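Here the structure comes first, spelled out in structure tokens, and everything after it is commentary.
Only the coordinates and a few stated rules stand behind these numbers; no lab work does. No experiment lies behind these values; they were computed from the predicted model shown. Glycine gets a Cβ as well: all are built from the backbone with ideal geometry, and neighbour counts include every protein chain shown.
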Amino acid sequence: MKLTKAMMATTALTLAGTTAFAGGHMANDMTIVSWGGAYQASQDSAYLQPYLAANPDVRASWDESSPEAVAKLRAMNEAGNLTWDLVDVVAADGIRLCDEGLAMEIDHDALLAAAPDGTSATEDFGDLIVSDCFIPQIAYSTTNAYRTDVTAWNGAKPSEICALFDLETFPGTRTLQRSPLDNLEWALICDGVPFADVYDTLETTEGQDRAFAKLDTIKDSTIWWTSAAESIQSLADGEAVMGSSYNGRFFSAIVEQNQPLEMLWDAQVYDLDGWIIPTGLPEDRLARVLDFVFFATDTQRLADQSKFISYGPARASSAPLVSTHATLGIEMAPHMPTDPANSSNAFVQNFMWWADYRDDLDARFQAWLAQ
Amino acid sequence: MAEQMMAADGRTLKSSLNRALRRQKLRALLLITPLLLFILITFVVPIGQMLFRSVENQIVGDTIPRTVEALADWDAATDPVPDEDVFRAFAADMMVAVEERVHTRLGSRLNYETAGISSQFRRSGRDVEDMGEDLTAQFTALDPAWADPATWVALMADPDWIADSATAQTEPAFVVADAARDALPRTADIYADFARVTQVANNDSPTEEQPWNVVYIALYQDLIANPAPQIAGAPDGLLGAAGAAAAGFVAPDIRAAFVDSDAGWGSTVTWQTIQTYSPAYTSSYFLNSIDLKQTPDGIEMAPENQQIYVKLFIRTLIMSLTIMVSCILLGYPVAWMLANLPSRQANLMLILVLLPFWTSLLVRTSAWKVLLQQQGVINDLLVWVGLVADESRLTMINNSTGTIIAMTHILLPFMILPLYSVMKTIPPSYLRAAKSLGATNWTAFWRVYFPQSVPGIGAGSILVFILSIGYYITPEIVGGTSGIFISNRIAYHISSSLNWGLAAALGTILLAVVLALYWAYDRIVGIDNVKLGG
């Protein structure tokens, strides 16, 4: 059954490649899956609203399920009932879904717009196309922030990542993602492992023990979040004094909502985010999605997104178009994770490694949490 | 002997009565059929299917059938790592699995038993395509015809298939010739898979694609076993020359290739895991549910850092009991008031009880979060009054306290309502009679009123306990890590880790525990003593 599905998808793809642009029949409903919060709002403002303005017949709805996208797509595939049309995932999940045949392989040059100067999509995105199924949108980072009004710190300010694990100088509750991603890397870095050796160390059981032992030291004073908005909420409420989230979420909390928070850029973990199209979409829905993706990933649209959130556009040709914030009018460049002042000690996540080890470490992390 | 009674139509009265009754019963059955079907189709069958997953394990045998067969005779005691034959079978299975993109699923399945296998499958899945390419090169060097898809089709295809595909619009499903199966059994077997995958998964034709390297490995094995295979209609001398040359070829070392791709393939544990979990049905999910592990040496305790389930089951039971008791303590006086107030006030109070019941569960739970958190309303109030110092605010959320408070509130109506309806039926005159006979207030309540309200407590307790044992939304939101239930792990395995087998096993155990408790309750209290109303 899976085989027939895969076959249908390939035929659908070849058909869609020709019909999508020839104005063939396109479905008018689209369910787009993303992460909710400020990020989804930026996608809505930069891509979807302009698209809907140009295509008034289309009805699109957002589903905030990206954190569980892999699991849900697997489940949908088993149940044979695909309700999503386009899914926003991080690079590692994109690779995993592609490996499992749950995401459709695409020809980037044929389906995506070229840069305004004619550079092909593949060259414009460059290395960021980490998998045949992955259509990059933005480069972001998972980083930390802290409250600026904690009296118990006696005026001390965290300046490096290991402040997370320093309960003596910086007492108070932390909030970290309920996932092994990034947390294990930070734990090892703060246990004295150099950046370059982090993944080699994590590959061994001893290395994993080391990372979990380090996390043990703050386990009792940590609130674990599953969606990035929860982390911002805990920090804004004062429930937590320090914690991780995505840099764009912090940007909107600090700059747009004036929360008493400050960024801790040290050891920010770079990652990519992009679209994948689930395998097995019916022809008309696929045609609509491809039409939307073509529009939503062109140079101008990606640059537009950075007006709403401080994530770096994935196309090289979009970078010069990054300007000022849509409503506040401030320069966006200093808030980008790639700004030299922020990226002096950045850590690059190895998504290929995570695609391989995610299952193992997820199981261990969840068991560790429950103990 | 009395004559049988006859009805007017001449039949015996008995059969006539039976007929009438049967028609009535049938009509009654017809009336409930929609409900019966509904329950069967939407409830019993899906739950049965889900529970069945707790023992199902076909994925191993279905994904790597050749390996499972080859491993059957392997004994870890004499030979720590299986021999080249097993690895060749495994390469063939993996190649098919990778093309069909199912190898990662098998990796995830085996990873439940031995951590690390998932990454081995993923990594080697990327490498398996190139394994044995040296051998393929030797065949094509011997005769370039071996690289030609047409050569292979001529060797392998059933003559009827060739005839059919010449005329048909779309290529019919590939059929391997019986002659090829007899002469080159291994090759024909894997070539059949190659042709199927090429046609179905890749939407190509075997007439245009060169076979995988593993097909050449199978051919090499067949030729070593039988250097002079005969296939009628095969290209002249091709097989004979290959058969003669094969003995001189450098044998492929697939074992080395796999170990090179991931050192895990050189470890005994990996192969023991595959061997242990190759049967189509398994008890391993149930063993894992109670922190045990099936190993080649028998059943053992799971590693300490993975033992969580027994603890969670016990925690779920204890916390559900705590919630049930707090519901009784809080609900009893309320129900008593409801039953004894004049009906105008009682109705108003009943609405107050029901109002939260009609509010969304998520809203109520989130409200508790706002109230209970360290910077929340209750803590602020306590600090303001001076009962608690600002630095030592109480932690009432993201732990078991939070779960107990929020769930007691949410489940309270399920206790109050049955209590109220039972108390409503206790005549107030009994209490008055007791007092007039000299009982104190307490004796009158304890000896006369309370025993009559026990059926209500029983009904409320069963409702609250069974509901709370399966709750997961509230613990998920307010429970942190120490206030979560076994149902949260079931939800996690259903929706995140996709270990549906384990989720099904945990669910089955939970169901059994509830049924056992129900049975015990029936034996001790008696189910006849449970009343939901008058």
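Over chain A, what is the mean sequence separation of C-alpha contacts under 8 Å (at least six apart), divided by residue count, expressed as relative contact order in percent? So the answer I get is 27 percent.
Mean silhouette area of chain A, derived from the convex hull of its C-alpha atoms and averaged over all directions, reads 18.6 nm².
Ranked highest first by average number of other Cβ atoms within 10 Å, how do B:30-38, B:50-58 line up?
On the way: B:30-38: 9.9, B:50-58: 16.0.
Averaged packing, sorted descending, gives the order B:50-58, B:30-38.
In peptide B:105-116, how many Cβ atoms from other protein chains are near each Cβ within 10 Å, on average? Averaged over the peptide's residues, the number is 3. Report, in whole Å, the centroid distance computed from the Cα atoms of the range B:464-534 and the range A:95-153. The range B:464-534 and the range A:95-153 have Cα centres separated by 42 Å. Phi angles across the range B:123-131 convert, under the Karplus curve 6.51 cos²θ - 1.76 cosθ + 1.60 with θ = phi - 60°, into 3J(HN,Hα) values of 5, 5, x, 7, 9, 5, 4, 8, 5 Hz, Gly and Pro given as x. Seen from B:Val478, the other residues with C-beta closer than 13 Å to its C-beta sum to a net charge of -1, counting Lys and Arg as +1 and Asp and Glu as -1. Projection of the Cα convex hull of the range B:153-272, averaged over all directions and equal to a quarter of that hull's surface, yields 9.2 nm².
In the structure displayed, which of B:Lys25/B:Lys424; A:Lys219/A:Lys307; B:Lys14/B:Lys531; A:Lys214/B:Lys311 lie more than 32 Å apart, Cα to Cα? Violating the 32 Å limit, Cα to Cα: B:Lys25/B:Lys424; A:Lys219/A:Lys307; B:Lys14/B:Lys531. The antiparallel fraction among DSSP beta bridges confined to the protein assembly as shown stands at about 65%. To the nearest 10 degrees, how steep is helix B:185-200 against the longest Cα principal axis of chain B, on a 0 to 90 scale? It is inclined by approximately 60 degrees.
Derived scalar couplings between HN and Hα for the range B:237-242 equal x, 4, 5, x, 5, 5 Hz in order, rounded to whole Hz, by the Karplus curve 6.51 cos²θ - 1.76 cosθ + 1.60 (θ = phi - 60°), x for Gly and Pro. Between the alpha-carbon centres of the range A:271-346 and the range B:155-225 there is a gap of 47 Å.
Approximating the spin labels as points 7 Å out from Cα along Cα→Cβ, the B:Asp134-to-A:Ala53 distance works out to 6.4 nm.
Shielding by partners for peptide A:166-173, expressed as the average number of C-beta atoms from other protein chains within 10 Å of each residue's C-beta, is 1. Take the Cβ-Cβ distance between B:Asn340 and B:Thr33 as r, set R0 to 41 Å, and report the resulting FRET efficiency rounded to the nearest 0.05. After rounding, the FRET efficiency stands at 0.35. Add +1 for every Lys or Arg and -1 for every Asp or Glu among the other residues with Cβ under 9 Å from the Cβ of A:Glu262, and state the total. Overall, the nearby charge balance is +2. Rounded if a/c is under 1.5, else prolate if a/b is larger than b/c, else oblate: which is the range B:77-134, with a ≥ b ≥ c the root eigenvalues of its Cα gyration tensor? It comes out oblate by the Cα gyration axes. Protection proxy ranking of B:305-316, B:70-81, by the mean of other Cβ atoms within 10 Å over each peptide's residues and highest first, is B:305-316, B:70-81.
Each residue of the range B:463-477 was assigned a 3J(HN,Hα) from its phi angle through the Karplus expression (A = 6.51, B = -1.76, C = 1.60, θ = phi - 60°), giving 4, 5, 5, 5, 5, 6, 5, x, 6, 9, 5, 4, x, 4, 7 Hz with x at Gly and Pro. Within the range B:1-47, the proportion of Cα pairs with more than 15 Å between them is 62 percent.
Using the Cβ-Cβ distance between B:Ala251 and B:Glu56 with R0 set to 45 Å, the FRET efficiency from 1/(1 + (r/R0)^6) comes to roughly 0.70. PRE reach from B:Leu387 (point 7 Å along Cα→Cβ): which of the range B:334-364 fall under 14 Å by backbone N? Counting only backbone N, you get no residues.
With a 10 Å cut-off around each Cβ of B:491-499, the average count of Cβ atoms from other chains is 4.
For the range B:263-281, backbone nitrogen atoms closer than 20 Å to the point 7 Å from B:Asp297 Cα along Cα-to-C-beta are found at B:267-277.
For A:Ile138, the residues whose amide H sits under 5 Å from its own are A:Asp273, A:Ala314, ignoring neighbours fewer than 5 places away on the same chain, with H placed 1.01 Å from N. Where does helix B:361-372 land angle-wise versus the long Cα axis of chain B, in degrees 0 to 90, nearest 10? That helix lies at roughly 70 degrees to the long axis.
First measure r as the distance between the Cβ atoms of B:Ala173 and B:Ala280, then evaluate 1/(1 + (r/R0)^6) with R0 = 45 Å and state the FRET efficiency to the nearest 0.05. Working shown, then result.
Details: r = 26 Å, r/R0 = 0.58.
In this case the efficiency is close to 0.95.
Note on the range B:246-300 and the range A:58-84: Cα centroid distance 33 Å, given to the nearest whole angstrom.
As a test of the formula, what do you get for chain A when each DSSP H run with n ≥ 4 contributes -39,500 (n - 2.57) and the sum is divided by the residue count, at 222 nm and rounded to the nearest 500 deg cm²/dmol? Write down the numbers at each step before the final one.
Working: 15 runs with 144 residues, N = 371.
Rounded to the nearest 500, the figure is -11000 deg cm²/dmol.
With contributions of -39500 (n - 2.57) from each DSSP H run of at least four residues, the per-residue ellipticity at 222 nm computed over chain B stands at -20000 deg cm²/dmol.
Report, in degrees rounded to the nearest 10, the 0 to 90 angle that the Cα long axis of helix B:486-495 makes with the longest principal axis of chain B. Taking the Cα atoms of chain B, the angle to B:486-495 is about 40 degrees. Counted by Cβ distance under 15 Å from B:Glu300, the other residues give a net charge of -3, where Lys and Arg count +1 and Asp and Glu count -1.
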